Each structure stands twice: as structure tokens, then as C-alpha cells.
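S.K.: My questions will all concern the structure given below.
The values are calculated or read from the model by the stated rules, or taken from the named source; none is laboratory data. Computed from a predicted model, the values in this text were never measured in an experiment. Glycine gets a Cβ as well: all are built from the backbone with ideal geometry, and neighbour counts include every protein chain shown. For the accessible areas, the whole protein counts, side chains as well, though only heavy atoms, and no ligand, DNA or RNA atoms are used. Shrake-Rupley method; radii C 1.70, N 1.55, O 1.52, S 1.80 Å.
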Amino acid sequence: MNKGAKAGEKRALPGEKAKELLNLRNEYVPKGVFQLGPLFVSKGKGAIVEDVDGNGYIDFAGGIAVLNIGHCNDRVVSAIKEQADKHLHTCFHVLMYESYIRLAKKLCEITPGNFPKQALLINSGAEAVENAIKVARRYTGKQGVIVFENAFHGRTTLAMALTSQIKYYKFGFGPSVPYLQRVPYAYCYRCPHKLTYPDCGIHCLQRIEDSFVNYMAPEEIAAVLIEPILGEGGYVIPPVEFLKGLRKICDEHNIVFIADEVQSGMGRTGKMWAIEHFDIVPDILLAAKSLGGGLVLSATVGRKEVMDSVDVGGVGGTFAGNPLSCVAALKTIETFEKDKLLDRAVKLGNMAKDRLESMEKEYEIIGDVRGLGCVIGVELVKDRKTKAPATAETKAILEKCHERGLIIMSCGPLHNVFRFMFPLVITEEELTKGFDILENTIREVNATI
């Protein structure tokens, strides 16, 4: 019989079994591999997980937005088991297989843009990013890339250079890759120009135009790489005019517009891709995380003439588009369609924002609530006027939530933003219970400020 604590009940962390594993982890795994807490999972289903000591949790992290269709979705698990009896690996470069082709076709159909497209399947979000930059450089014959403050694009050498935050992603790893120009993101709650939207006239766009004079000419720029909604950077939703203006700049200067939808895509916003909320079409769109339904997979999807500009052998990889991951992704997309998960994301997002905005009225520590669908960020501050970040308080709330059975993560350059990545299959009862745990914890910490 399970003797662990249920979600909402307090438990001591780490538990006895977790202590044993934690000692082994510290001995054999580098400290540079981040952990949210001393938690070791045993099993998961839907939006509920159980740790190795039998404690139950409501999962508001979803493997960092990887489990939009939940833990161990039945369709996905069945497809993986069926494929595992056929073949695990051949390398698509050696022996092609149908699932890769079917998935590439499906991705070209469900991504924005009424024009011919092609899809490259790879492994991680960082690989999707790096391949997009390679393709854009090959297509345009230019080298420069514009990226944004507070952005996150991965940990490999080029992706790390494209990423903004120094600690903990870039610290101590040497000089950056050349031909990169970083400009401010339209983070209106903390405007980098100390202006107020909409009276600012979207000054962030002017800064990009200014950079053409002072830093890198548009004739040298191959691509603009942007997250339509900042992920690790704080779940920031920019004004529609910002992305529309950016698209216009790209059109005027023959610059490839790349939308990094690794975290914001796959249905979380109530549309399959966050960029659809901004009424623009990227030249290349990047997908990963929830694409594989829990398995390793990413995709770089773009205009056919752009994607097809690379010479034979210029892109790919040994494990790229693994057959298990491809069948899982096809079933993931099927699940979105059959279970109407886009509608579900809208409904759950409205419930979550209503609850959080009600909490915002009650607790001074909540400085800002923002979101689209189920991409929701809550920024915590010590003072609403100064917006001094409540970094230590955010950490305290996070740890207390874990002790009470709610898995939740923070983000943002100031480490003071909670992001909500619960599976879209979470029940309304589970969602409410999760927010009860969060509110009780915020109430305690808010009283100490």
C-alpha cells in the first residue's frame, strides 16, 4: 500500500529512497547538471506523478513544457510499443522509413504559411536552432544574426552564444560566436528604455533600425531569431506590433525570420503555434519539447526554397528523426486533433489566469500576471512601485510548493517569475488543487515582506 503523502499534504524532502539516489547522483553526475530539487520520479500519468518514496505530486512543470499531452499518453505509449517491435534505428541517412516522411508532411501542413515547405527532423531544440541558422546563412549568403535580450536558444556552442543570460548558461565558457547582434526584447513590464506601452511607439523596433547603423548593416544579416513568447526569459508576451514590425524589417532587408517555438509551441497558447496570435508568418519555425510526446525530437520547418538551399549532407544526424520519436509525434498531433486540446488550452488558460489575477489583487508580492492560453507567467516583486525582484521569496515559495506536492518552476533573468507548464490534459480538479497549494504558499511568504 502506498504510504506516501498525497498532493497537498506535507512531506519531508528528500525521502529515504531519494537520499540514497541523491548521494549517488552527487558522486557520479556533474554538479553542472541542474536539478529543480531532491526529487526522483517513479511513475507518472496525465498531470500526476509519484516519487520513489511514494509521494504524489501535481505536475505544473510538465518536464519543462515537454508533456503537453501528459505523462504516458495511451496513444503515444501504444505507438512506441508497436514501433519497438519493428525497428529501433536504421539512421534515416542509411535506410529511410515512412514515419519520418509522414511527420515531415504533417508538420508542413500544420505550421503557418500558405507556401511550399520542408521539414528537417533532428533531436533537441538547440539542434533545431543551429540548423535554422545554418540554413539561413546558406540561403542568403550572409552571416549575421540578430537575437534578443533575455532569450534562450540552447546550450551548444552556437545556441549558447544566441542565448542571452550569462549565469548560468554561458558563464566561464569563453568568447562568443562572431556575427551576432543582440537587441532588447519588448518586455513591457520592465521596459529596457523606461517607456510605457503603447505610448512608446514600439521603441524596440527603432533600436533594431539604429543597430543597422552602429553595429551590423542589414546587407550582412542572414536571420532574425526570436521567441514569439520568451520562455526561460520570463514568459514575456510582446505587443503584436513588435513582431509585425520585425517581420516588416525582415521583408525589407531580405532577412530570414526564424520563430523559435521550442517552448511556446505545440498548442500551449490555444493555437498550435504562438506566432499565430500575431498574424504573421515566419520563414522558418522551430519545434521541439512537446513535439515528441515525451520522446526526444525537434524540427526545423521552413519555406521550401530556403530549406532546400543546403547541399546534400549539409544537415542531418545519426539519430535525427528517430523512428520511435516520429511515431510518438504523429500520435501527439493526432491527440491534439481528436481530443480538441487547443480548445482545452484556452479553457484551462482562462481558469488559470482568473485565479492568478484574483491572487494578484490579494497579494502585493505578485507584480504582474501575463499569458496567452496556458503560457502564463507570474512575476514576483518586493515592491510594486520599484519592481524590485522577489528572487529569494520566489525560491522559498517554490521549495514549499514541492514539500506540499506541487511541482512548479521559476524562470526569468532575475529568477522571480513562475511559469505554468501543466499538461493540457490536467483535470479541472487537479488544476484547482494545484493553485490552492500555490496560493496558500504565496500567502505565507507574502506576509513576511
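S.K.: Give me the pairs, please: first residue somewhere in the stretch 420-432 and touching a residue at least 24 places away in the same chain (Cβ under 8 Å) and closer than 15 Å to ILE69 by Cβ, second residue anywhere and aromatic (Phe, Trp, Tyr) and assigned to a loop (DSSP other than H, G, I, E, B), beta-carbon distance under 6 Å, and either six or more positions apart or on two chains.
M.R.: Hits for this filter: PHE422/PHE60.
S.K.: Is it the case that some residue within the stretch 369-391 is open to solvent by 50 Å² or more (accessible area, probe 1.4 Å) and under 24 Å from ALA7 (Cα atoms)?
M.R.: No, because not a single residue in the stretch 369-391 is open to solvent by 50 Å² or more (accessible area, probe 1.4 Å) and under 24 Å from ALA7 (Cα atoms).
S.K.: Taking strands (runs of 3 or more DSSP E) that fall entirely within the stretch 340-449, which contain at least 1 residues that are among the basic types (Lys, Arg) and modelled with pLDDT of 95 or more? Write out each step before concluding.
M.R.: On the way: elements: 366-372, 375-383, 409-411, 417-420.
Strands (runs of 3 or more DSSP E) meeting the threshold: 366-372, 375-383, 417-420.
S.K.: Follow-up question, since we're still on this one. Output the strands (runs of 3 or more DSSP E) that fall wholly within the stretch 1-62 and possess 1 or more residues being at pLDDT 95 or above and over 18 Å from ASP436 (Cα atoms), or say none.
M.R.: Fully inside the stretch 1-62 and qualifying: 41-45, 48-51.
S.K.: If you don't mind, another one. Write out, first by first residue and then by second, each pair whose Cβ atoms fall under 9 Å of each other, whose residues are 6+ apart or on separate chains, and whose first residue, in the stretch 211-239, is farther than 25 Å from ARG155 by Cβ and open to solvent by 10 Å² or more (accessible area, probe 1.4 Å) while the second is in a loop (DSSP other than H, G, I, E, B) and β-branched (Val, Ile, Thr).
M.R.: PRO218/ILE255; PRO239/ILE202
S.K.: Using the structure shown, decide if ILE69 is in a strand (DSSP E or B), in contact (Cβ under 8 Å) with a residue 12 or more places away in the chain and either buried (at least 17 other Cβ atoms within 10 Å of the Cβ) or out of contact with any strand residue (DSSP E or B) (no Cβ under 8 Å at 6 or more places or on another chain) (or both). If you could, list the steps in order and put the result at the bottom.
M.R.: Numbers: in a strand (DSSP E or B): no; in contact (Cβ under 8 Å) with a residue 12 or more places away in the chain: yes; either buried (at least 17 other Cβ atoms within 10 Å of the Cβ) or out of contact with any strand residue (DSSP E or B) (no Cβ under 8 Å at 6 or more places or on another chain) (or both): yes.
In short, no.
S.K.: Can you pull out the residues in the stretch 178-207 that are among the hydroxyl-bearing types (Ser, Thr, Tyr) and open to solvent by 60 Å² or more (accessible area, probe 1.4 Å)?
M.R.: If the condition is that a residue be among the hydroxyl-bearing types (Ser, Thr, Tyr) and open to solvent by 60 Å² or more (accessible area, probe 1.4 Å), then TYR179, THR196, TYR197 are the ones that fit.
S.K.: Does GLY125 fit the bill of being on the phi > 0 side of the Ramachandran plot and either surrounded by 18 or more Cβ atoms within 10 Å (Cβ to Cβ) or small (Gly, Ala, Ser) (or both)?
M.R.: no
S.K.: Kindly establish whether LEU103 is on the phi < 0 side of the Ramachandran plot and open to solvent by less than 20 Å² (accessible area, probe 1.4 Å).
M.R.: So LEU103 passes the test.
S.K.: Given LYS248, LYS271, LYS194, which one is among the basic types (Lys, Arg) and under 25 Å from GLU127 (Cβ atoms)?
M.R.: LYS271
S.K.: On the given criteria, is VAL296 more than 19 Å from the chain's Cα centre (by Cα), surrounded by fewer than 21 Cβ atoms within 10 Å (Cβ to Cβ) and modelled with pLDDT of 95 or more?
M.R.: No.
S.K.: Related question: State all residues of the stretch 128-149 that are surrounded by fewer than 24 Cβ atoms within 10 Å (Cβ to Cβ), in a helix (DSSP H, G or I) and either under 16 Å from the mean Cα position of the chain (by Cα) or polar (S, T, N, Q) (or both); if no residue qualifies, say none.
M.R.: Matches in the stretch 128-149: THR140 only.
S.K.: Which numbered condition trips up GLY201, out of (1) free of Cβ contacts under 8 Å to residues at least 12 places away in the same chain; (2) within 26 Å of the chain's Cα centre (by Cα)?
M.R.: With respect to (1) free of Cβ contacts under 8 Å to residues at least 12 places away in the same chain; (2) within 26 Å of the chain's Cα centre (by Cα), GLY201 is out only on (2).
S.K.: Among the residues of the stretch 312-329, which ones are in contact with a Lys or Arg (Cβ under 8 Å, 6 or more places away or on another chain) and farther than 30 Å from HIS71 by Cα?
M.R.: Selection gives GLY314, VAL315.
S.K.: Tell me, yes or no, whether the stretch 257-278 has at least one residue that is without any contact (Cβ under 8 Å) to a residue 24 or more places away in the chain and of a type outside the set (Val, Ile, Thr).
M.R.: Among the residues of the stretch 257-278, not one is without any contact (Cβ under 8 Å) to a residue 24 or more places away in the chain and of a type outside the set (Val, Ile, Thr), which makes the answer no.
S.K.: What number of residues within the stretch 268-293 are surrounded by 24 or more Cβ atoms within 10 Å (Cβ to Cβ), of a type in the set (Gly, Ala, Ser) and not in a helix (DSSP H, G or I)?
M.R.: Final tally of qualifying residues: 3.
S.K.: What pairs can you find where one residue is in the stretch 376-397 and closer than 17 Å to TYR235 by Cα and without any contact (Cβ under 8 Å) to a residue 40 or more places away in the chain, the other is among the charged types (D, E, K, R) and surrounded by 19 or more Cβ atoms within 10 Å (Cβ to Cβ), and their Cβ atoms are less than 7 Å apart, with a gap of 6+ or different chains?
M.R.: Close Cβ pairs satisfying both conditions: LEU380/GLU393.
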